[in-house]
1. Please work out which residue is farthest from the other protein chains (Cβ to nearest Cβ), limiting yourself to region A:145-160 and to residues that are open to solvent by 10 Å² or more (accessible area, probe 1.4 Å) and touching a residue at least 12 places away in the same chain (Cβ under 8 Å).
2. Which of the residues belonging to region C:663-713 are within 14 Å of chain B (Cβ to nearest Cβ) and closer than 14 Å to C:Val642 by Cα?
3. Test each condition in (1) open to solvent by 20 Å² or more (accessible area, probe 1.4 Å); (2) among the aliphatic types (A, V, I, L, M); (3) touching a Pro at 6+ places or on another chain (Cβ under 6 Å) for A:Leu27 and report the one that comes out false.
4. Would you mind listing the strands (runs of 3 or more DSSP E) fully within region C:567-639 where at least 1 residues are within 14 Å of chain B (Cβ to nearest Cβ)?
5. For B:Ala124, which of the numbered conditions (1) more than 8 Å from the ligand (Cβ to nearest atom); (2) touching a strand residue (DSSP E or B) at 6+ places or on another chain (Cβ under 7 Å) fails to hold?
6. Being closer than 30 Å to C:Lys637 by Cα, out of contact with any Cys (no Cβ under 9 Å at 6 or more places or on another chain) and surrounded by 17 or more Cβ atoms within 10 Å (Cβ to Cβ) is true for just one of C:Arg447, C:Arg425, C:Arg430. Which residue is that?
7. Only one residue in B:Lys159, B:Lys179, B:Lys109 is open to solvent by 10 Å² or more (accessible area, probe 1.4 Å) and within 13 Å of the ligand (Cβ to nearest atom). Which one?
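The values are calculated or read from the model by the stated rules, or taken from the named source; none is laboratory data. Note that the coordinates shown come from a computational prediction; the quantities given were computed from them, not determined experimentally. Every residue, glycine among them, receives a Cβ derived from its backbone with ideal geometry; neighbour counts consider all protein chains shown. When the accessible area is computed, the model is the full protein with side chains, heavy atoms only, and any ligands, DNA or RNA have been set aside. Shrake-Rupley method; radii C 1.70, N 1.55, O 1.52, S 1.80 Å.
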Amino acid sequence: MRGKQVIKLTVNGEPYEVEVEPHMTLLEVLRDKLNLTGTKGSCGVGECGTCTVLVDGKPFLSCLTLAITVRDKNILTIEGLARDKKLHILQKAFLEHGAVQCGFCTPAMLLTAKALLDENPNPTREEIREYISGVLCRCTGYVKIIEAIMSAAEEIRRRGSEYE
Amino acid sequence: MVRVLTPFEYFEPKTVEEASNLLRDYGEKVRVLAGGVDLLARIRRREIQVEGLVCIQRIPGLDYVRQDSEGLKIGALTTLRTLERSQEVRENYRLLFDAIHSIHSIQVKNMGTAVGNLCIATPASDVAVSLLALDAQMKIAGPSSERSMPLENFYLGVKRTALQPGELVTGILVPPLPKGSFGAFMKLVRTATDIAKVNVAVRATLRNGGCEEVRIALGSVAPTIVRARKAEEALRGTRLEREAVVEAAERAAEEVNPITDIRSTAEYRREMVKVLTRRAVEKIKVEAGVKG
Amino acid sequence: MSEFSWVGKPHPPLKMEGVPKVTGEAIYTVDVKLPGMLVGKILRSPHPHAKILRIDKSKAERLPGVKAVLTFEDIPKVKYASSFRDMPMATSGTLQPPDQYVLTDKARYVGDPVAAVAAVDEYVAEEALKLIEVEYEPLPAVFTIDDALKPDAPQIHDHAKGNIAAHVKYPFAQGDVEKGFAEADCVVEGTFFVPRQVGAHLEPQACTAYVDPTGKVTVWSPCQLTFPLRRELAKIFSLPEGMINVVTPFVGGSFGTRLSLYCEPIAIALAMKTGKPVKIVHSKEEDFSTLETRTADRVTVKAGFKKDGTLIAMQMKVYTWAGAYAARAYLAGPILLMWGLGHYRCPNTDGECFVVYTNTTPAGAMRGYGNPEASTVVEQIMDMAAEKLGIDPVELRLKNVKKAGEPSNLGPCPIESTYEDECIRIGAERIGWWEKRKLKKQEGVKRRGLGMAAMMHCSGAWPLLIEHSSAMIKFNEDGSVNMIINPAFPGTHCWTTLAQIAAEELGISPEDVHVVTGSTDTAMFDLGSHASRTTYVTGNAVLEAAREAKRQLLERASKMLGVSPEELTVKDGRVFVKADPSKGLTIGEIARSTIWDLKGESFNISGKASWSSRYSSPPTGAYFTEVEVDTETGEVKVLKFVVVIDCGRVINPMTVEGQIQGGISQGIGYALYEDYVINKKTGVVESDNFNTYRIATNYEMPEEIEIIFINKPDPKGPFGAKGVGEPAMVGVAAAIANAVYDAIGVRLRELPITPEKILKALKEKEKG
Ligand SMILES: Cc1cc2nc3c(=O)[nH]c(=O)nc-3n(C[C@H](O)[C@H](O)[C@H](O)COP(=O)(O)OP(=O)(O)OC[C@H]3O[C@@H](n4cnc5c(N)ncnc54)[C@H](O)[C@@H]3O)c2cc1C
């Protein structure tokens, strides 16, 4: 198959039909076709994790995923994390704990952290370190990111909800 | 350098046979796309040129991990993460678990398949080194036939495998482990998420305190992953006494042929083969409760 | 209770500064999108040194979708300096020599821009680059300081004989070093190599340019120095400054790399040619191979001490490994001398620096601007001296640190405040220095060591550079203010810190400070964000502007309340009589009646100020670390860091902690992992992405980090604050290097301290 093709994607709960070419990455399609520029690109070799989105709930590198291969799947990008104008507790915790500096890794960190908490609502510090290790951050030294995830996990457990 | 991939044709076969026919028809011009982690990065960096990709992701029946009397069976689409989370792997094939667990990026493990990892044919693969120690078999399908081959014979050189035109790997079989099996995996990296400067996997069968059988696999120290056969000999039949272990480690270091690259130097790698081999065997001794 | 409402309290980022970053709405330069926008791409030289004999762009121009192809022939032949000609050294008035063309006819490193295209998309642009035919005449190239200095070395620039871009003598030399060494009881000497370091911010370098039909140029750029950038662009294109607007979106990390000018002029030239907006985004490989790195330097230090540890003579000779263009290496090298020779009190000092051109990626500044380099060398020399003298390293430093009133490290301007001695004492205690250093050295495979480094940096670069910032504050009817500033915002959350300063003075909440920023057209002059200056310099401008606004507010209130302004104060959004707090008005009431004055005396309560800093308030500090070295594998694990920081009064402890934790991760990378590898034969950068160039992941961070603030106000900083951004990483690598020595008794004279180098050194030591 060559040339353009229309595929269906569900992004942040919204159904989309987009015209893609086979060589287009999910990153390109999200940013250039759907105008969802919250997903960032950086290294293009899988090393920095900046382009992470959740595909059917799992952290994926959108820069190394062909859009055509994830057709009909559920994609969550950073734009879909807050709901009804309410921040996700992880988002709030990142701000309150100073876990955000330049913010360029933040969408990837948040989505990776969400996948972790969905999988394991009560992670240890070590499990958090392990799970987020595929996302690089040049600003924070990771300390406050880990603190923020610990605290958000606790709050989500306490509330029984990811939102306030 | 560019930020985008080159345009290519895209095939999505529904069966292994269809995939294999495409591979046969197009030959060198196309590649199998599994998770894409390695392949797409290389295409973007223009390290390889492709005219088409044969995406096997939607072929049914290739995503499994199960254990039966023949051993542990892994499909071509089984991701590293699936293996890491599999109870069979964690409990019964600890050596493989440890190797996969040492890969830190959750993203890479969610997308990357074990078979894809092996098919890159890099000597640095942690998965390959552990599976070599475990004597894994590659299940291969061609246009008209299927065959299987020990992983040990699968590599011909850097980025070169024994796959023939039209062939693809459909799965991996890890034979059952005999009673008294122990394993140890070790690697050295620059930073935690890096690929190995050197990695070592040792699997040994111990009976009554004696080493009945042992396989030592080494990575990143030759054009392909290698077995340290002379080192194995030095251990086989011993009670893993300190002298035997030291002797094996020395021999292992002599058997390898490392190079200097951006990750490390030849000299260091050779030295580390010695250290890691010794440490791996020592770890097995501790686990097996072997004294001395 | 604190005397302050906002200063000194941890404050999460202002909503406008933080929320867009967690929701994905923050627009970075790479996200800028305009109608009709084209994609720009740069053709870069594959040769390290080559004359361009011929360029044929006709095929590229004919490719459908290509809108412009430019070579050096299409671009104003004006030389520029990537680090801006108009950043004069205030002390000497020296200007940086322009030595670079936007597109060159002679390539001087692998990656030098030789042509550029604008096309409808990235695919067409890439195709077009392939169709540009360039005939090169390769020239012999030099990649190292030593090769560039050989008598028969190829000349990289006509103006620079022997490839010396600059030869600078230490401008603040004192006494007579030779006499000093003669009088010394102990002399230590050593030559060290400190390597390049890549900023490695995650957001790739990018720029969008648009030229409107009136000729006005708008440039979206992540540059940290927007006004200097505007001035340099004006010179390149012979435009008045007012015809250029530099817009700064959110910035995905800077770390000094973004002090300089990169693809901006190319984007502008393409936009001029096509009449369309043009966006250029680097690949990360382009970033790693063409953006300025921290300079590498070969530094020889000689230091003489009296028996009691008093430092009496110090001499430094620096060879700075600049790249193909002088860039920021021109300043970073010579400033290394000042950090190194100016840190400790010393009556006899002398030094010189040679900045050497090579056919490699331009080098420049990164966080600390020469100070991590100087610290790595001088702090190791201090330890070497301590050992030779039989004095504890902590004591040796305490003996020699400067006191307030003595000349600062950057020149004769006196130090306004320093608590370096206190930092050292507290740090030593917290890490258990005295107990742990006393323990007998271990003999096992894994050995632990303790190390330290003391630090003195700067808050803005006065008296070296002009330090000018401005701010405007105006009241809205609701009692909130707009604060108009433009210091660039690389992620330090400086809007928040500056809003805390304004809010404290104005008696309002920081969330009622609406920041207006982001372009040179809207804001008054601000030099930008460098040299740990924003809180200290822009902060003072904000404070002055707030004071003026407050004066007007109280004056107006005094008329409304019928009391004198001196009797009034403002807190929590309300102006009231000090003696009778029940008598008062909300700021909103005052502001509204002033803007909508029915008597026809309307005005907008506001304040504006320019602050031109003429003070030196160096932040100081001490770094202590404990490491574990595996003597069989050579691996170093950093177990613990204690950082004691005197950055004046801490305005926002949360952001300052964040700076220090980030500084530790960059310092650990610099010390142990980050290795900029240039192929010795081809000049190609091999460490061209995050897989080959390793920065610290969360696993490389120590389990334990303790951060202690001295928190004593500086007399000149706003509310007593000093800088902290760069200091956060200055002493990290030095402390690690000293700890490694303490653990295994070998001193590596070259960073990064890799396992390979450690094992080699241990073997050599064994051989004796
Ligand atoms: C950041 C990062 C860190 C990593 N760290 C490690 C590490 O620590 N240790 C380690 O071992 N690995 C590591 N890897 C490698 C990673 O595990 C592999 O890239 C991944 O598993 C490849 O699997 P894939 O399914 O994505 O393969 P793809 O990229 O899809 O394919 C890889 C190659 O194999 C071929 N291929 C794939 N499937 C088949 C098949 N069934 N038959 C024939 N040919 C096939 C493809 O044509 C291609 O040439 C790392 C990678 C990254 C990006």
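1. Ranking the candidates gives A:Arg157 first.
2. Residues satisfying the conditions are C:Ser665, C:Ile668, C:Met701, C:Pro702, C:Glu703.
3. The single condition A:Leu27 does not satisfy is (3).
4. Output list reads C:620-630.
5. Result: B:Ala124 passes all but (1).
6. Numbers: C:Arg425 fails: surrounded by 17 or more Cβ atoms within 10 Å (Cβ to Cβ); C:Arg430 fails: surrounded by 17 or more Cβ atoms within 10 Å (Cβ to Cβ).
None of the other options fit; the residue is C:Arg447.
7. Of the residues listed, the single one that is open to solvent by 10 Å² or more (accessible area, probe 1.4 Å) and within 13 Å of the ligand (Cβ to nearest atom) is B:Lys159.
Listed here are the residues, each with its yes/no results for (1) within 11 Å of the ligand (Cβ to nearest atom); (2) at the interface with chain A (Cβ under 10 Å from one of its Cβ atoms); (3) not small (Gly, Ala, Ser).
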position	(1), (2), (3)
B:Leu62	yes, no, yes
B:Ser69	no, no, no
B:Glu91	no, no, yes
B:Thr113	yes, no, yes
